[in-house]
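Here is the structure we will look at, set down as structure tokens.
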Amino acid sequence: MKKWIRTLIIISVAAFVGLAAVRSPLVDGNYFEISKNIEIYTNIYRELNTYYVDELDPGKLMRTGIDAIMNSLDPYTNYFSETQIEGYRFITEGKFNGIGVNFRRKEDYLVIMSPIEGSPAAKAGLKAGDVILEVDGKSAKNRTEEQLNEILQGFPGTEVKLKINRPGSAEQLISVKREEVTPKNVPHYEMVTPEVGYIVLTTFTAQAGDNVAHAFMDLKAKNPGMKGLILDLRENGGGLLNEAVNICNIFVPKGEEIVSTRGKVKEWNQTYQTVGNSVDEKMPLVILVNKHSASASEIVSGAIQDLDRGVIMGQLSYGKGLVQNYKDIGYNAKIKLTTAKYYIPSGRCIQAISYKNGEVVHVPDSLRVVFKTKSGRKVLDGGGIMPDVEVKLTDKTDLFKALDENLMIFDFATQYSIKNPSISPAEQFYYDDFNGFQQFLKEKKFKYETNSEKMLTKVSEESVKENISNNIKSEVSALKSKLEQEKEKDLINNKDRILTLISSEIASRYYYEKGRVQVKLKNDPEVKEAVSLLNDPVRYNKLLK
């Protein structure tokens, strides 16, 4: 028997003994099943290793098994191998060792979407739109984001060589020295009107509470006439629970219960209260959320709603009411596992019952339990935080999805930045040549299929199978022609929104995330609605009663 098999059996026996050592009433009921299946798992690997026709890679095979286990559980229970530990550091500390870039697949390669401001990548001259061809002489073709990040992360001071293809230039070899990277969780704040302040929080990493508090106090100090605040949690997928409590503490007094956690191990159940003095308990507050606002974002927005401290605006949030903890499992690896559900001040849990393709499956209101806020307003559990003011989005149509999936706005901004070495300050910049963008779409042969067109194609195909009259084909063709005309109109009707997205993407090439936010704020319908509400005290107060 090979040494590796002996090791696996030793580990399995150790796990078996470990279970015996921590037996509880909950484990006792499954004790035989657990020990039996550990033995089966070991025996399967022994047989595979001994008789399978090809040599096996122990790490790869075991990772396949681990991933299968994780995939059978909720989406938030994950395994972090030693090579993925920088991802764990970013979640818990808000920093990591690497070069500081975000990727997205474009055909066979990964393209840099944005270097983080001040990161080694930015210092070395890497730009959004650069396609990674090789890393340290090895092809990056068909590499996943995870695989490439594992290579790029490493000890500060070490170097990595990237061969890139930059549109409009010859292939380049760029050396980047790894450093500790700390992305800003509050990339921007400003006064959007003389009386209304705005703060955007992108993630609940370390110091999120301090950074939001600092931004708020800075706005108040420099603007004595400030009468309202917008806190933007859109696209914020959450992070550290204690930072959610700290942010609530900015707006509510000491000793206020924000969230409690309850799970299988009763000794781990906890109640989290604010522990410090607030910054401002009176100033009108609007929190913006959308379907990607999750976890800690939902603790903040849900607690503020339950305590009637502010108005929640936007779209139904994601619906993640689960708490994860990290456990060391040896060899510098960790497992992040769901250990509890969290409950906000009204007593409700906002965890969605199920998901499909990463999206919440809508829970009918009739199946959701009613709870009450501090002043007696009705709120519902399960399926996310329902905003007090719902704002319908205009950029979630088939057109905008297609523009995003095909990277049309991204590629157009890349082309623009190549031709223009500089632009005016972000707060002044706005791209307004819509004809230029339309011409770009034609050159790229941009096309997309709406859901209506897909249905018509299906009708046409079914009519052929069923030998229905050829008239169906001509009628379907005529309808598709009309839909093409409607798509042209849709593009023109959304001119202003598209130009704003183009402007913000271009601004990010010169001024990073701060520039992107500054440009978007000029024509953000939800921010405008929030400003309107904060300027109407009667309506604002009525929503909270």
*Within region 398-421, which residues are farther than 14 Å from Phe437 by Cβ and in contact with a helix residue (DSSP H, G or I) (Cβ under 7 Å, 6 or more places away or on another chain)?*
Asp398, Ser417
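Restricting attention to region 162-195, report how many residues are among the β-branched types (Val, Ile, Thr), modelled with pLDDT of 95 or more and either within 27 Å of the chain's Cα centre (by Cα) or farther than 30 Å from Val286 by Cα (or both).
If we filter region 162-195 for residues that are among the β-branched types (Val, Ile, Thr), which is where we start, we get 164, 174, 176, 181-182, 186, 192-193.
Cutting the leftovers down to modelled with pLDDT of 95 or more gives us 164, 174, 176, 186, 192-193.
Filter once more, keeping what is either within 27 Å of the chain's Cα centre (by Cα) or farther than 30 Å from Val286 by Cα (or both): 164, 174, 176, 186, 192.
Selection size over region 162-195: 5.
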_Sole exception among (1) assigned to a loop (DSSP other than H, G, I, E, B); (2) surrounded by fewer than 18 Cβ atoms within 10 Å (Cβ to Cβ); (3) at pLDDT below 95 for Ala206, by number_ = (2)
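Please tell me if Tyr416 is surrounded by 19 or more Cβ atoms within 10 Å (Cβ to Cβ) and aromatic (Phe, Trp, Tyr).
Details: surrounded by 19 or more Cβ atoms within 10 Å (Cβ to Cβ): yes; aromatic (Phe, Trp, Tyr): yes.
Here the answer is yes, as Tyr416 does meet what is asked.
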*Restricting attention to region 510-537, report how many residues are of a type in the set (A, V, I, L, M, F, W, C) and under 14 Å from Gly228 (Cα atoms).*
5
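In region 100-125, how many residues are aliphatic (A, V, I, L, M) and out of contact with any Gly (no Cβ under 9 Å at 6 or more places or on another chain)? Break it down stepwise before answering.
Here is the first cut: in region 100-125, the residues aliphatic (A, V, I, L, M) are 101, 110-113, 116, 121-122, 124.
Okay, now just the ones that are also out of contact with any Gly (no Cβ under 9 Å at 6 or more places or on another chain), so 101, 110, 124.
Within region 100-125, residues that are aliphatic (A, V, I, L, M) and out of contact with any Gly (no Cβ under 9 Å at 6 or more places or on another chain) number 3.
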_First in region 127-138 and not assigned by TED's automatic domain parsing to the domain that holds Tyr416, second anywhere and assigned to a loop (DSSP other than H, G, I, E, B) and surrounded by 19 or more Cβ atoms within 10 Å (Cβ to Cβ), Cβ under 9 Å, 6 or more apart_ = Val131/Ala140; Ile132/Ala140; Ile132/Arg143; Leu133/Ala140; Glu134/Ala140; Val135/Arg143
*Would you mind finding the one in Pro224, Pro183, Pro187 that is in contact with a Lys or Arg (Cβ under 6 Å, 6 or more places away or on another chain) and farther than 17 Å from Val531 by Cα?*
Pro187
*For region 420-438, indicate whether the set of residues that are at pLDDT below 85 and either loosely packed, with under 13 Cβ neighbours inside 10 Å or not assigned by TED's automatic domain parsing to the domain that holds Val289 (or both) is non-empty.*
no
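The values are calculated or read from the model by the stated rules, or taken from the named source; none is laboratory data. No experiment lies behind these values; they were computed from the predicted model shown. A quick note on method: Cβ atoms are made from the backbone with ideal geometry, for glycine too, and the neighbour counts reach across all protein chains shown.
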